[in-house]
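One structure below.
The values are calculated or read from the model by the stated rules, or taken from the named source; none is laboratory data. Because the structure is a prediction, the values reported are computed rather than measured. Cβ placement follows ideal geometry from the backbone for every residue including glycine, while neighbour counts extend to all protein chains displayed.
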Amino acid sequence: MAGAITRGVLFVHSAPRALCPHLEWAAGNVLGTRMSVDWTDQPAAPGMFRAEYSWQGTQGTGARLASALRGWTHLRYEVTEDASHGSDGARWSHTPELGIFHAQTDVHGNVVVPEDRIRAALGTGDALTMQDELALALGQAWDDELEPFRYAGAGAPVRWLHRVG
């Protein structure tokens, strides 16, 4: 039985020019299609390029995309997977300095923090430590680092990919 279909977006926030065709190949391999992405200059990092690619696939495609791109030097990216029948959504964020962050998301794209993680943060007994633990659970450091790159992409073109079958 095939998995439920979901959608998501691959946001490459910054990549060196030489890495761009390799990213297309790696993501296309996961998606089962040849990709051709419109790369644009990344104003937040001169000499780097950015792209957005909307995809459709089975549940878990977002995780496979994030894994295929993980660990590449000088690469900043995010992968989102929308919530679908029987599954929460998810977001993966990657920066060269911080590595990868994963969070479950609800149908509106909000990060969902598990109850046990909140209880552990509350159990620290120290307000500053609790604040640090909750910021980590929400991926605040990744948001802080990626925000200038997200902002630079406002109004950028998006290519939609619909895979049938």
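Here are some notes:
- Which numbered condition Gly155 misses (of (1) at pLDDT 95 or above; (2) under 30 Å from Asp41 (Cβ atoms)): (1)
- Considering (1) in contact (Cβ under 8 Å) with a residue 40 or more places away in the chain; (2) at positive phi, the lone condition that Thr40 does not fulfil carries the number (2).
- Candidate set: segment 1-35, residues that are among the β-branched types (Val, Ile, Thr) and under 14 Å from the mean Cα position of the chain (by Cα); chosen: the one farthest from Ser93 (Cα to Cα): Val9
Let's see how each residue does on (1) free of Cβ contacts under 8 Å to residues at least 60 places away in the same chain; (2) at positive phi; (3) touching a strand residue (DSSP E or B) at 6+ places or on another chain (Cβ under 8 Å); (4) of a type outside the set (A, V, I, L, M, F, W, C):
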residue	(1), (2), (3), (4)
Arg17	yes, no, yes, yes
Ala26	yes, no, no, no
Thr33	no, no, no, yes
Ala83	no, no, yes, no
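- Residue count for segment 40-58 satisfying the condition of being closer than 13 Å to Ala15 by Cβ and part of a strand (DSSP E or B): 8.
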